[in-house]
Amino acid sequence: MPRRKPVASRPQRRKDPHRGEGREAFRCAGCRLDVPVVAPGTAHRNHCPHCLTSLHVDDRVPGDRRAGCRGRMAAFSVTVRGDGEWLIIHLCEACGVLSANRIAGDDNALALLRIAIRPLSDSRLPVSALLAL
């Protein structure tokens, strides 16, 4: 199988590698499992790798902890960047804000695929319309 040419990636914001010091895990607001703070493939973890649930704590910049809502954010959809990287679209159940979060290397692949194919199971939308996109 031929390799794809690498697409020019957009620059990432500088991350503070010491931000998570002192904490090794957090309790998921969705499935209540203990989740390690360290995540493969990303500088910081912002969602549960099992159920993909997050909390609405960041405002504009990841890690700023400036959102006053603190509501539970459910995995609503997925999108894919031009370079092939997947993003989870979270919907805050308290205030309705949408946010995009990069997936981590240990995220539940089955949960991601369930979200990705959800539009195909919606009987109100003809599958042919989706396939034409």
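The values are calculated or read from the model by the stated rules, or taken from the named source; none is laboratory data. Everything numeric here is computed off the predicted structure, so don't read it as measured data. Cβ atoms come from the backbone with ideal geometry, glycine included; neighbour counts cover every protein chain shown.
Details
- Set side by side, the residues L91, L52, L87 differ, and just one is within 19 Å of A116 (Cβ to Cβ) and either touching a helix residue (DSSP H, G or I) at 6+ places or on another chain (Cβ under 8 Å) or at pLDDT below 80 (or both), which is L52.
- Close pairs from the range 77-96: first more than 18 Å from T53 (Cβ to Cβ), partner loosely packed, with under 13 Cβ neighbours inside 10 Å, Cβ under 6 Å, at least 6 apart: G82/V7; D83/V7; D83/S9
- Scan of the range 106-126 for residues that are over 17 Å from S77 (Cα atoms) and modelled with pLDDT under 90, ordered by number: S123, R124, P126
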